[in-house]
Each structure stands twice: as structure tokens, then as C-alpha cells.
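The values are calculated or read from the model by the stated rules, or taken from the named source; none is laboratory data. Just so it is clear, the structure is predicted and the values come from calculations on it, not from any experiment. Quick reminder, even Gly has a Cβ in these numbers, built from the backbone with ideal geometry, and neighbours come from all protein chains shown. Ligands, DNA and RNA are stripped out before the accessible areas are found, and what is left, the full protein with its side chains, is counted by its heavy atoms. Shrake-Rupley method; radii C 1.70, N 1.55, O 1.52, S 1.80 Å.
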Amino acid sequence: MEFKLQRMWVGREGAFGVLSKNDERPFAVTLERTFGEENEIIVPYGSHICVRGMFNKGGYPSYEILLPETKHTLVKFHKGNTEDHSMGCILVGENFHMFKDMAGIGNSGAGFDEFMMHANSVEKFILVVS
């Protein structure tokens, strides 16, 4: 199984993308925190193995993105609406949304649940980021 995250826009408000499974149409939107003047992103472009586990802070099942040893650890998919809800993880939602003057993603709970349904409790999958 393979999920594809296609980043649509990267800037100081975050990295916004769409998420799809295999060669199907996108089913969710994503948001990642960006850092510094260069708008750096924790999850690099390319292919990554993701393994089933828990998002301990939220107390619910999720998937961790395994990054090279020199990179961050415990980078996961989870719920959240604006980039300040993440320290570098991938937030999943249903739509792009404005919260007063802050860009984000809406209906994160439903979007994350749909992502987990598509993952179907597999032990691991490949994430391709472009």
C-alpha cells in the first residue's frame, strides 16, 4: 500500500498538500509546520516507510513516519487545524480553512478518521512525498 502526499503550497503559514492512496484521487488535505526563513519542512521529499503506532499526546492510533537517523523522531500523522498544532508532524483534514487570520485545515477529526480508514490497520505502508 502506498499513500501520496503532494505539497501544493509551502510558506510561512505551513506546507499545504493533498493526500491520496495508491493511484486514487485525493481524499484529504494536509498541513505541516514550516520553520525559519527558508520554510523548512521536517518530512523530506521522497519515499518513507510508515509504521502503525499511537499518537501518545492524543491517545489514539496513528502512523509514524520513519525518517533517516539524523532527522527527527516521532513524526506522525495526527489531528490538528493550524501549523501551531504540530511540531513537524503531518496534520490531516477535510478542507483548507481560514481561522480568523490564520490559514489551516478544517474538519481535522473527520479527515484523520478517513485517513485511518484508508490505512485499514496495516502494520506499515509507503508514503511518497512530492
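Key figures
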| read-out | value |
| --- | --- |
| Options [x] 28, 14, 13; [y] 33, 16, 13; [z] 20, 17, 14 - which one matches semi-axes √(5λ) of the Cα gyration tensor in Å as calculated here | [z] |
| MRE, 222 nm, helices only [DSSP H, n ≥ 4, -39500 (n - 2.57), over the chain, to nearest 500] | -3000 deg cm²/dmol |
| Apportionment of accessible area to carbon and sulfur, the range 89-130, percent (1.4 Å) | 57 percent |
| The range 66-129: C-alpha gyration tensor shape, a/c 1.5 cut-off, then a/b vs b/c | oblate |
| Relative contact order computed over the chain (Cα-Cα under 8 Å; 6+ residues apart), in percent | 28 percent |
| Dipole axis of the chain (+1 Lys, Arg; -1 Asp, Glu on Cβ), positive-most option in 62, 104, 85 | 62 |
| Difference of contour (0.36 nm per residue) and Cα-Cα distance, residue 126 to residue 72 | 17.6 nm |
| Three-way shape call for the range 23-98 based on the alpha-carbon gyration tensor, with the a/c threshold at 1.5 | rounded |
| Overall form of the range 12-60 per C-alpha gyration tensor (a/c, 1.5; a/b vs b/c) | oblate |
